[in-house]
1. Of Lys97/Lys122; Lys19/Lys192; Lys22/Lys122; Lys20/Lys192; Lys154/Lys206, which ones are farther than 22 Å apart at the Cα?
2. Hey, rough spin-label estimate for Gln103 and Tyr17, points 7 angstrom out along Cα→Cβ, what's it come to in nanometres?
3. Taking +1 at the Cβ of each Lys and Arg and -1 at the Cβ of each Asp and Glu, which of Thr98, Gly126, Ala71 sits farthest along the dipole of region 32-133 towards its positive end, judged by Cα position relative to the Cα centre?
4. If a/c stays under 1.5 just call it rounded; otherwise compare a/b with b/c (prolate if a/b is bigger, oblate if not). Do that for region 32-133, with a ≥ b ≥ c from the square roots of the Cα gyration tensor eigenvalues.
5. How do the peptides 189-196, 24-31 rank, highest first, by the average count of neighbouring beta carbon atoms within 10 Å per residue?
6. Nearest 20 debye, what's the magnitude of the dipole of the chain about its Cα centre given +1 on Lys and Arg Cβ and -1 on Asp and Glu Cβ?
7. I'd like the orientation of helix 245-257 relative to the chain: the angle between its Cα long axis and the longest Cα principal axis, in ° from 0 to 90, rounded to 10.
8. If you average the alpha carbon positions of region 1-68 and of region 190-223, how far apart do those two centres end up, in angstrom?
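Each reported figure results from applying straightforward, stated rules to the coordinates on display, with no laboratory input. Note that this is a predicted model, so its numbers are computed, not measured. Cβ sites come from the backbone with ideal geometry, for glycine too, and all protein chains shown count toward neighbours.
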Amino acid sequence: MPSTQEILSFRRKIYGYYKKNKRSFPWRDTHDPYNILVSEIMLQQTQVERVNGKYQEFIAAFPDFSSLARARLNAVLRVWSGLGYNRRAISLVKLAKTVVAEQDGSLPKDVDKLVALPGIGKATAGSLAAFAFNLPSVFAETNIRRVFIHFFFKDSKDVHDRDVLRLVEATLDKTNPREWYYALMDYGAMLKRGMPNPNRRSAHYKKQPPFEDSDRKIRGEILRVLLAGKPLSAIKIAGTLQERPERVGRILEQLQSEGFVNEGGRGYYVP
């Protein structure tokens, strides 16, 4: 573990960079738990530039938990379109319904209660505790992980998150965790622009599989076609996308089992 002096030196370096290079995002200008939740779910596996273009549109359409809980899935997915990983949109709607029904419409502060909500893992629960409530939670996401590997694991490979999290906890600025984590993220974003990326030395690093011709791409295209018009049969969807009917049929079955689409007399549709 680093000494007290090493921790103070580390904080000065991170805060020094942040003071001069702080990034500005609309979700950093609010302490509203709902708004911060929306941004955190959007930022999962999605570049910040894409989220920056969608966040305010989504908040304008669904300004609070109750409006999102009442919304039809097809309305939510229309606004979500362009962010990808549409499962997050379903989880967000389920989460809103749970918060309205079981939490009196307010996001809980307790990390264990946050983890129990749909679509919330430990890292997201920790980030919500810090950003929405300024609580000294311990978590690591991709930018934070990059910072700690860069500073404390210079000659190491296969760095495990448990070792990173020990350092996150040891160096945490408990007086203002919200601002400290923002500073870490901004420093990590800067490191990403350099080469090589320190996160390649993480034991959890996985290269993103090609998007072209992937099932993930076809899933998105199927939803885009169904959101644009009337219900369609599997054959018509396959023709529109110029894809094999058996592949489209298999993906439609998956989408139906996950709650994205229903099948009626006139074909498949987004409920």
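1. Working: Lys97/Lys122 20 Å; Lys19/Lys192 19 Å; Lys22/Lys122 26 Å; Lys20/Lys192 18 Å; Lys154/Lys206 19 Å.
Listed pairs above 22 Å: Lys22/Lys122.
2. For Gln103 paired with Tyr17, the spin-label model returns 3.2 nm.
3. Ala71
4. Details: a/c = 1.66, a/b = 1.22, b/c = 1.37.
The shape class here is oblate.
5. Values: 189-196: 11.4, 24-31: 12.9.
Top of the packing list down: 24-31, 189-196.
6. Numbers: 44 positive and 29 negative charges, 139 e Å.
Computed charge dipole of the chain: roughly 660 debye.
7. The angle comes out at about 60 degrees.
8. 21 Å
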